[in-house]
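Every number here is computed from the coordinates shown, using simple stated rules; none is lab data. Computed from a prediction, not measured in an experiment: that's the story for all the values here. Counting neighbours? That spans all protein chains shown, and the Cβs are built from the backbone with ideal geometry, glycine included.
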Amino acid sequence: MKIGITCYPTYGGSGAVATELGIALAQRGNEIHFITYQQPFRLPAFLPRIYFHEVDVGRYPLFEYPPYDLALAVRMHEVVLRHDLDLLHVHYAIPHATSAWIAREMLESTRPDIKVLTTLHGTDITIVGQDPSFHAITKFSIEKSDGLTAVSHYLKAETQSAFGCAGCNIEVIPNFIDPEVFDRARYEPQLRDEARGRKVLMHISNFRPVKRVKDVVGIFARVTQEIPSILVMVGDGPDRVVAEEEARHLGISDDVFFLGKLEAVAPLLASADLFLLPTNSESFGLSALEALATGVPVIGARAGGLPEVVRDGETGALCEPGDVEGMASAALALLKDAERWARMSQLAAEDARARFSKNEVVARYEEFYRRYKPSARS
């Protein structure tokens, strides 16, 4: 199949999943065309059967804000015709699904069989889409998509409730991991020198307010009072300064390492003892899944779709959002019991592979595509 994929190319779960999906699809013999404003951050410079089409947003004095959504629609239209695509698969509802609908309307006379498939990832529904400024267009874009998927049952239910589309046929296809990449045994402990025998706690995100990175630092501060530890913070975003200030305020800044955005997180996760994700709402929790697959138990919030990923009491511990004391207590209890940690680490890796392995999930996407691929096309 020839599939056009549009996603946000920057650091974040939806872009990471879309990129990894495209790579996996190409490895299975499909031809993939990424259509976005810059090369996705997890996409290597060259891979067989993968092409990148940059969206050029022209500058004109009349436009205070360049119309990316329209430029994207034009580029989609062009790529479908030039490369004879079978499908457009967009990740994140707006503006991608909206632009794809415009492109499909433009293709009515030349390629009326082209279908638009939309994958909902989270904040496009739970935050952005429910903003009064975007609610109507998000609802329109969802309802005009030919096929819909959501990354969790929680997100499916939230979409149907928030946009009054209980009849929308939304298939749940979860995020996934590559078991060969997220394998603790294949990496040397990269953080050994920094840790100097201390426990390693880790957090990976885009540092938005919903991630509660200040709570991450607060949990760590309570843990390190009883068990010598370091905290490794991977990623960047608007609340990074909040986390840095909290670490200074609590007098633990020398034990907190802010590494910024990194593409390869698996080698770092292989050095971690616990992963912290005290989010307000997590539609899935890709970073948590990557941690679990690497044998790192997750201490997180019982919110959104995270309970679909983390088995409370088996592969990690979940508390209510904002319960810093509860999460710190759960972390301490696990770190103080080496045998329990080892059992939980092993089960975390086994469970992640059993439920979220790349080959099985990507095969589900291929089956989903086949339902919408024009039947007359080879």
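Inter-part distance, the stretch 183-259 to the stretch 280-330, computed on C-alpha centroids, equals 16 Å. Along the chain, the longest continuous region that contains none of the GluC sites (Glu not before Pro) in a DSSP loop with at most 11 other C-beta atoms within 10 Å is 264-378.
Using C-alpha pairs under 8 Å with a sequence gap of at least 6, the mean separation divided by the residue count of the stretch 184-355 gives a relative contact order of 23 percent.
Could you grab the relative contact order for the chain? Cα pairs under 8 Å, six or more apart, rounded to a whole percent. The partial results should precede the final answer.
Working: 727 pairs, mean separation 53.0, N = 378.
Relative contact order, the chain: 14 percent.
With 10 angstrom as the radius, rank 43, 250, 334 by how many other C-beta atoms surround their C-beta, starting from the fewest. Mind showing how you got there, number by number?
Details: 43 23, 250 16, 334 19.
Listing 43, 250, 334 from fewest to most nearby Cβ atoms yields 250, 334, 43.
The aspartates and glutamates within cross-link reach of residue 373, meaning a Cα-to-Cα straight distance under 17 Å and a gap of 8 or more places when in the same chain, are 31, 84, 86, 108, 113, 146, 171. Since only 329, 265, 232 are under comparison, the one whose Cα sits farthest along the positive direction of the charge dipole of the stretch 184-355, derived from C-beta charges on Lys, Arg, Asp and Glu, is 265.
Cross-link partners for residue 211 among the lysines, with Cα-Cα distance under 25 Å and sequence neighbours closer than 8 places in the same chain left out: 156, 199, 261.
List the trypsin sites (Lys or Arg not before Pro) in the stretch 1-75 that DSSP assigns to loop (not H, G, I, E or B) and whose Cβ has at most 10 other Cβ atoms within 10 Å. Which are they? Intermediate values should be presented prior to the final figure.
Working: sites: 2, 28, 42, 49, 59, 75; in loops: 28, 42, 49, 59.
Taking the stretch 1-75 and a limit of 10 other Cβ atoms within 10 Å, the loop trypsin sites (Lys or Arg not before Pro) found are 59.
Out of 300, 285, 197, any idea which swings most in a Gaussian network model of the chain, alpha carbons joined below 10 Å? Taking springs between Cα atoms under 10 Å, the residue moving most is 197.
In the elastic network of the chain, a GNM with C-alpha springs shorter than 10 Å, the most mobile of 26, 293, 363 is 363. Look at 207, 220, 46 and count the other Cβ atoms within 10 Å of each Cβ; fewest to most, that gives 46, 207, 220. For a 4.7 Å threshold on C-beta separation, the list of partnerless cysteines in the chain reads 7, 319. Rounded to the nearest 10 degrees, the inclination of helix 135-144 to the longest alpha-carbon principal axis of the chain is 60 degrees. Set against the labelled values (1) 22.7; (2) 21.0; (3) 21.5, Kirkwood radius over Cα pairs in Å computed from this structure falls on (3).
Considering only 89, 77, 249, the mean-square fluctuation computed in a Gaussian network model of the chain, springs between alpha carbons under 10 angstrom, is largest for 249.
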